[in-house]
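Every number here is computed from the coordinates shown, using simple stated rules; none is lab data. Not measured: the values here are computed from a predicted model. Please note: Cβ atoms are built from the backbone with ideal geometry, for glycine as well, and neighbour counts cover all protein chains shown.
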Amino acid sequence: MKKLVAIIVLIIVVLSSCVEEDIPGLQNTNVSLNFKHNWDGANVSSTDFNTIQYFNENNDELSIEKLRYLISDVTFHKANGETIVIEGYNLVDVANNESLSYVTPVQIPIGTYTNVSFTFGFDNDDNTDGFYADLNSASWNVPMMLGGGYHFMQLEGKFINNVATEQGYQYHAIRAVDNADPMNLVFQDTFFTVNLGEVIVHNNSSVDVNMNISEWFKNPHLWDLNNFNSMLMPNFNAQVQMYDNGQDAFSLGSVN
Ligand SMILES: [Cu+2]
């Protein structure tokens with residue numbers, strides 16, 4: 001009997017400690033998103049830069065010299081359909097360790113979220129030309145002749161081209177623009193929502209966000225760097241292909 005009471009007490013203690021941690025609204029916390037990068041599973045950091053060592057799906061051998069991208073409006077989705085939108089953005093620069101961790105500027109309730117999402121790039125409300133001083137000084141702007149606003153991503157390096165020569169590439173993602181008529185630019189949205197899936201937020205949770213860089217070169221479009229390497233910003237078709245290929249570049253990593 002004593003044993004039974006002890007077990008029941010133990011169960012109550014265990015249950016109540018769980019409940020204390022997971023009831024939404026009981027306590028608010030910051031959440032940090034940690035951006036991690038890989039090439040088909042092999043970690044990529046700035047120490048891996050400048051060496052021609054990666055093969056994309058098209059078998060172009062390439063290096064990475066720069067990788068920067070913008071994420072914005074991190075959103076926490078509750079089971080009841082409510083969302084908490086964290087206005088703000090983070091410019092991830094793989095060469096700058098500080099930028100790899102983004103602490104939400106607003107606290108959110110501890111608990112289970114059915115989805116955590118963010119915008120890759122800026123949506124059109126946020127993509128205001130010249131509006132963000134820090135992005136201006138990071139040379140993140142898009143020229144007015146291409147509609148202004150800001151870059152979504154800059155991935156640069158070298159590749160071995162069809163005639164076995166090293167050649168530079170600048171894989172720059174922006175809002176797709178057809179500038180055939182400079183007086184009448186035609187746009188197509190290329191920002192997109194990344195859905196990470198369910199996240200249980202504890203006190204000061206850190207959430208790893210993985211980017212597989214090789215995904216930008218495949219699925220659905222086989223990217224041939226011999227065709228698409230430079231001057232991609234005014235290339236409407238290239239921008240749409242980047243948008244398509246980027247859809248599955250991100251995934252949820254470990255959550256603590
Ligand atoms: Cu550019």
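For the range 199-214, the condition of being surrounded by fewer than 19 Cβ atoms within 10 Å (Cβ to Cβ) and without any contact (Cβ under 8 Å) to a residue 12 or more places away in the chain holds for none of the residues. Being away from the ligand (no atom under 16 Å from the Cβ), within 17 Å of residue 190 (Cβ to Cβ) and either not in a strand (DSSP E or B) or not basic (Lys, Arg) (or both) holds for only one residue in 125, 129, 134, and it is 125. Within the range 52-74, which residues are crowded, with 19+ Cβ neighbours inside 10 Å and in a strand (DSSP E or B)? 54, 62, 67, 68, 69, 70, 71, 72, 74 - these are the residues of the range 52-74 that are crowded, with 19+ Cβ neighbours inside 10 Å and in a strand (DSSP E or B).
For the range 91-100, indicate whether the set of residues that are over 30 Å from residue 27 (Cα atoms) and of a type in the set (Val, Ile, Thr) is non-empty. Yes: the range 91-100 contains one or more residues that are over 30 Å from residue 27 (Cα atoms) and of a type in the set (Val, Ile, Thr). Across the range 137-183, which residue is farthest from the ligand (Cβ to nearest atom) among those that are in a loop (DSSP other than H, G, I, E, B) and among the small types (Gly, Ala, Ser)? Per the stated criteria, the residue is 164.
A quick yes/no check of all residues on (1) closer than 30 Å to residue 47 by Cβ; (2) in contact with a strand residue (DSSP E or B) (Cβ under 6 Å, 6 or more places away or on another chain):
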| residue | (1), (2) |
| --- | --- |
| 77 | no, yes |
| 87 | no, no |
| 146 | no, yes |
| 162 | yes, no |
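Exactly one condition in (1) under 30 Å from residue 180 (Cβ atoms); (2) surrounded by 17 or more Cβ atoms within 10 Å (Cβ to Cβ); (3) without any contact (Cβ under 8 Å) to a residue 60 or more places away in the chain is not met by residue 125; state its number. Condition (2) is where residue 125 drops out. Residue pairs whose Cβ atoms lie under 9 Å apart, sitting 6 or more positions apart in sequence or on different chains, and linking a residue in the range 224-235 that is buried (at least 16 other Cβ atoms within 10 Å of the Cβ) to a partner that is in a loop (DSSP other than H, G, I, E, B) and among the aromatic types (Phe, Trp, Tyr), are 235/228.
Kindly indicate whether residue 88 is free of Cβ contacts under 8 Å to residues at least 24 places away in the same chain, of a type outside the set (D, E, K, R) and not in a strand (DSSP E or B). The answer is no for residue 88.
Within the range 165-176, residues that are touching a residue at least 12 places away in the same chain (Cβ under 8 Å) and within 14 Å of residue 240 (Cβ to Cβ) have Cβ atoms under 8 Å from residues that are away from the ligand (no atom under 13 Å from the Cβ) and of a type in the set (D, E, K, R) in these pairs: 175/189; 176/189, counting only partners at least 6 apart in sequence or on another chain.
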